[in-house]
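What follows is a set of notes on a single structure, which appears directly below.
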Amino acid sequence: MILEIRVTPKASRNLIKKENGILKAYLTKPAHEDQANAQLIELLSEYLNIAKSKIKIIKGRKSRDKLIEINA
């Protein structure tokens, strides 16, 4: 499964929600040194109830708009 997600780093809380048909992730970590990407994988793992090893960022590692591959 492929997910498109828009990330907002340095938010006040960690949250995943759907806004206007777009999946958005609000992360407390900054984008510096891949911290936000690591937190995104952890948050998606909890949200989808799957292992972190099954989640991979396939596009947008340095962008706010990301493509995520889920291997269930």
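Bear in mind these aren't lab numbers, they're just calculated from the coordinates by the rules spelled out. Computed from a predicted model, the values in this text were never measured in an experiment. Please note: Cβ atoms are built from the backbone with ideal geometry, for glycine as well, and neighbour counts cover all protein chains shown.
General remarks:
- Output for region 30-67, where each listed residue is in contact (Cβ under 8 Å) with a residue 60 or more places away in the chain and within 18 Å of N14 (Cα to Cα): D65, K66
- Within region 49-61, being assigned to a loop (DSSP other than H, G, I, E, B), within 13 Å of the chain's Cα centre (by Cα) and farther than 10 Å from V7 by Cβ holds for one residue alone: R61.
- Sole exception among (1) of a type in the set (A, V, I, L, M, F, W, C); (2) closer than 12 Å to V7 by Cα; (3) surrounded by fewer than 16 Cβ atoms within 10 Å (Cβ to Cβ) for I70, by number: (2)
Residue by residue, here is whether (1) in a loop (DSSP other than H, G, I, E, B); (2) among the charged types (D, E, K, R) holds:
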residue: K18; (1), (2): no, yes
residue: K29; (1), (2): yes, yes
residue: E33; (1), (2): no, yes
residue: N37; (1), (2): no, no
residue: I41; (1), (2): no, no
residue: S63; (1), (2): yes, no
